[in-house]
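Quick notes on the structure that follows.
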Amino acid sequence: MQKVQVMTIDGPSGSGKGTISRAAASALGWALLDSGALYRLVALAGRKAGIALEDAQSLGRLAQRLDIRFGSDSAGGEAVWLDGIEVTGRIRTEQAGNDASRVAALPIVRAALLERQRRFAVPPGLVADGRDMGTVVFPEAEVKVFLTASAAERALRRHKQLKEKGVAANLAALSLEIAERDQRDSTRAASPLVASVDAILLDTTGMSVDSVIERVLEVARERLSRTVG
Ligand code: DC
């Protein structure tokens, strides 16, 4: 059986994980797991079914049988379907992110998604983007990166991203939301956001996207050559 190599990229909201993970997966020719999208989908499915975001049992059952598909739309962009309906835009709102952070604090939901996440690991490799990829979901990963950036810079990046999408956003409100989300994601009992002891820490404050990608690929090549040779 061909060995599947895994690179985990964890970090807080707005650290650039999404962009970096996508670029790294494409450069390496590996699959990509956007684990945050799974939590966003559980929260959206819960809202659609009229389930309270505190109702752990019902959300756990929902997460078990979630009918989702990742693919591309007619223009070749990334797209996501829930129960056969395209929900790409709906899971990317700030509200969806906050909802996701709430359902992600429920251990039963995390347990329900564990095997589903591991099934994304297919040859030749996987880049897994999230909060607990290196600590819980893929503890044996060959390459682990933990991306951070100052809270102020992360809020600015998110603000710019939203503006580019034509969404009105207030920087002060965004900063507050990011701080709240960081606090919830880092202090929850189940799989909190924490760097794996064997992860390479990369503070991207003040770095361009290209230089972060370059550094992450450098780390990957270095670690992979060590595991191969
Ligand atoms: O990466 P993201 O912003 O799409 O994630 C949305 C929320 O989901 C985030 O606030 C915390 C949660 N999450 C998690 O708990 N574990 C993961 N592996 C990924 C996301």
Return the total of residues in segment 75-104 being open to solvent by less than 30 Å² (accessible area, probe 1.4 Å) and either in contact (Cβ under 8 Å) with a residue 12 or more places away in the chain or closer than 11 Å to residue 39 by Cα (or both). 11
Within segment 140-183, count every residue that is more than 21 Å from residue 102 (Cβ to Cβ) and surrounded by 18 or more Cβ atoms within 10 Å (Cβ to Cβ). 12
Only one of these is open to solvent by less than 70 Å² (accessible area, probe 1.4 Å) and either more than 13 Å from the ligand (Cβ to nearest atom) or modelled with pLDDT under 90 (or both): 197, 219. Name it. 219
Enumeration of residues in segment 60-69 that are buried (at least 19 other Cβ atoms within 10 Å of the Cβ) and out of contact with any Leu (no Cβ under 6 Å at 6 or more places or on another chain): 60, 62
Against the definition (at negative phi and either free of Cβ contacts under 8 Å to residues at least 40 places away in the same chain or open to solvent by less than 80 Å² (accessible area, probe 1.4 Å) (or both)), how does residue 50 come out, yes or no? no
Condition check for residue 32: within 14 Å of the ligand (Cβ to nearest atom) and either in a strand (DSSP E or B) or free of Cβ contacts under 8 Å to residues at least 24 places away in the same chain (or both): yes
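The values are calculated or read from the model by the stated rules, or taken from the named source; none is laboratory data. It should be emphasised that the depicted structure is a prediction, and the values quoted were computed from it without experimental measurement. A quick note on method: Cβ atoms are made from the backbone with ideal geometry, for glycine too, and the neighbour counts reach across all protein chains shown. Quick note on the areas: whole protein, heavy atoms, side chains included, nothing else; ligands and nucleic acids left out. Shrake-Rupley method; radii C 1.70, N 1.55, O 1.52, S 1.80 Å.
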